[in-house]
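Any read-out appearing in this document is the output of simple, stated calculations on the displayed coordinates, not a laboratory observation. Because the structure is predicted, anything quoted here is derived from the model rather than measured. Reconstructed Cβ throughout: ideal geometry from the backbone, glycine too, with neighbour counts over all protein chains shown.
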Amino acid sequence: ETRLGRAAVRTICPYCGVGCGVLASPDGAGGAAIEGDEAHPSNFGRLCSKGSALGETLGLETRQLYPVVRGARATWDAALDHVASNIGRIIAEHGPDAVAFYLSGQLLTEDYYVANKLMKGFIGSANVDTNSRLCMSSSVAGHKRAFGSDTVPGCYEDLDEADLLVLTGSNAAWCHPVLFQRMAKAQERRGARLVTIDPRRTATSEAASLHLSVAPGRDGTLFSGLLVQLADRGHVDETFVNSHTEGFTEALARARQIAPTIAATAAAARLSERDVEEFFDLWISTERVVTLYSQGVNQSSQGADKVSAILNCHLAAGRIGREGMGPFSLTGQPNAMGGREVGGLANQLAAHMGFSPADIDRVRRFWNAPNMAVREGLKAVDLFEAIGRGEVKALWVIGTNPAVSLPDVNRVRAALGKLELFVVSENVRSNDTLRAGAHVILPAAAWGEKDGTVTNSERRISRQRPFLPLPGEARPDWWAVAQAARRLGFAGFEFNNVSEIFAEHAALSGFENDGARDFDISGLADLKPRDYDSLAPAQWPVRRGEASGRRRLFSDGLFYTASGKARFIPIDPPRLAEATSDRFPFLLNTGRLRDQWHTMTRTGLSPRLGGHSAEPCLSIHPDDAASAGLKDGHLARVASAEGAAIFRVQVTGTQQRGEVFAPIHWSHETSSDSCVGALVHRCVDPESGQPDAKATPVALAPV
Ligand code: SF4
């Protein structure tokens, strides 16, 4: 029973990576009352505006409730026959790499597992990528370089126990609100200081005692300067560095080239020497410091290097794996981490394994797989380029809207038109990706109907439980993929329910894992369906024989590299992928608003959420508005080398001169000319493949 007095189902919010526990009390008429779950250890009952409005987004008005093939209603059998026969034909004619899946951090781990298994073990290609590429992949690359594993070392409790919280490239007050409230509590309770590093002044920086309006692309400069100061002031933890790391001398030498002094750091990062000195003093003198980073760091052509620059400082100070300190990657999506656990990125195999001969062989034997992928597949931007060139001929998109969210979306839409087979699993009737010419539409289960698990930013696996019946002919994504696999003639997809999928996934994580791999939940592999259903939130790893998971990793100073030591990484000199020019004199930054999520297919249903920002606006400094002839409240045409879009002008002193900001949420579907993806360039980080969505040169003109 909940405070509302009705029987409630314990589930998880479907939006951000905080992963808040939700109690949903169905009303028997397709709706539900929503409240925070006080027993969930990630939010203790708190919900933000988006989470508390979930009950307003449950109607069936916009739902796709039956399969469609080539524009006509079809049965599931006919649709799946069409999908399987065409995938089989394309493989026979062009090979397995002519087929691809594009998945989503919105999928549950079990959905992800089945899709990844089909593609990488049975079709024989690693062309499975996901919108997590746009969200987290630079952090993944940075973590793997330093730790030898895709590991977030800390937990949310570290935010309660820290004395200094540094948020870089993160507007957590809007994008991870419940976690931000938790940080605010630490400020109150312990007097913890908050520092923000962001070119924009945001709701988050309003709460900070120090805000650094760093120049776009210069986070690496700032943290290189910090590494130099740690060394020069004698604050390197020599014992930790000597015993548990390698590469310090080379990384420090590179940092000295980039940011030799405070004055040089300040000049290169467009900051005052006083502010830089204050930040360095605070960071160096505060043992319990957590440095949190999100899309401002990840969505960059040097995202992996920015992450490495942060990790270098924590390793040098030995501030990792201990209470109240460490680097902390804020996951954008609800299950970006769970997707990676099953290998949802094209450069991963499964259970955090890669494409080494030993890993390929291990997974082959575990799956009894006939056609193992033996090399990495195409990452998101490259995948859609390959579609445009006609090399990838079949694409199955599940639970994401790439015709809005990818960079240079006009090019993406044109590419989609070239596919021989274009399948979309979706729960809404219309969005930009469907309108780009989907040949087959498969009606997917939505939040409230889905059943499975997700993993949040602190490695916590929680059950997302259904509390509404599947409407119409909607089915879970794992079921649709398994049915297609069986029609392709593959054994190993006879799953009856999600608990069987989870058990197989958990068993694979522990298969021949003698502790050399970080991700191991084999302690959950033998759960009975009833135990799976009542599974309490648990932080991985949960190794066989262990009753519960672990809050922190690396407290023993042992890492997952071949030597067992963490690696310092010398970063490249910070620079932007594209400089401004006379033709495109402004830099466009993009990001989220407080009350919308992704392409608004769910949050757009709530009038309350729509009230926060009713239309897409371009934030611009007053001087820039004046020089471009733009007036507050009027319309502006924004153009880049890729395309153009129209936004309402919002003149604000929160922007730096020369920089403008536009939200990511609107699309051709919701606002015909305001899709920011039409503007964003296709520059990616060479290490992670993550697109740079924060610094596209643009021109502005009044409409
Ligand atoms: Fe949902 Fe994130 Fe808000 Fe929590 S903070 S309620 S997970 S959107």
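At a glance:
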read-out	value
Local electrostatic count, His235, Cβ distance below 15 Å [Lys/Arg +1, Asp/Glu -1]	-3
Distribution of pairwise C-alpha distances over the range 586-702, 5 Å bins, in %	2, 12, 22, 23, 20, 13, 6, 2, 0
Centre separation in Å (Cα based) which lies between the range 224-277 and the range 17-45	44 Å
Extended-chain gain in nm, criterion 0.36 nm per residue less alpha-carbon gap, Lys418 and Ser430	2.3 nm
Cleavage-rule hits (trypsin sites (Lys or Arg not before Pro)) in the range 558-665: DSSP loop, at most 14 neighbouring Cβ within 10 angstrom	Arg575, Arg583, Lys631, Arg657
Packing-based order for 112-123, 236-247, using average beta carbon neighbours within 10 Å, highest first	112-123, 236-247
Filtered chymotrypsin sites (Phe, Trp or Tyr not before Pro), the range 130-211: DSSP coil and at most 12 other beta carbons within 10 Å	none
Length-normalised contact order for the range 9-57 - Cα pairs under 8 Å, 6+ apart - percent	30 percent
Whole-number D in µm²/s for the range 402-555 (Stokes-Einstein; Kirkwood sum over Cα pairs; 10 °C, 1.306 mPa s)	88 µm²/s
Additional length obtainable on full extension of the chain from Asn410 to Glu473, 0.36 nm per residue less Cα span	19.5 nm
Alpha-carbon centroids, the range 415-444 and the range 109-138: separation in whole Å	18 Å
The range 576-615-the range 332-377 distance, computed between alpha-carbon centres (Å)	33 Å
Sparse-neighbour loop sites [GluC sites (Glu not before Pro); the range 472-518; at most 16 other C-beta within 10 Å; DSSP]	Glu473, Glu494, Glu512
Added length on full extension, which subtracts the Cα-Cα distance from 0.36 nm per residue, Thr261 to Asp533	92.3 nm
Value of relative contact order over the range 52-126, rounded to a whole percent, pairs C-alpha under 8 Å and six or more apart	18 percent
Directionally averaged shadow of the range 9-57, computed from the convex hull of its alpha-carbon atoms, nm²	3.0 nm²
Ratio Rg/Rh, restricted to the chain and using Cα atoms, in which Rh is the Kirkwood radius	0.95
Distance (nanometres) between label positions extended 7 Å along Cα→Cβ at Arg190 and Asp582	5.4 nm
Modelled FRET efficiency - R0 30 Å, Asp361 with Asp77, Cβ distances, 0.05 increments	0.25
Debye intensity ratio I(q)/I(0), log10, the range 137-330, q values 0.17 Å⁻¹ (C-alpha model)	-1.11
Interchain or long-range residues, amide H under 5 Å from Val428's placed H	Gln64
Computed over the chain: relative contact order in percent, which uses C-alpha pairs under 8 Å that are six or more apart	20 percent
Estimated [θ] at 222 nm from DSSP helical runs (n ≥ 4, -39500 (n - 2.57)) normalised by residues in the chain, nearest 500	-9000 deg cm²/dmol
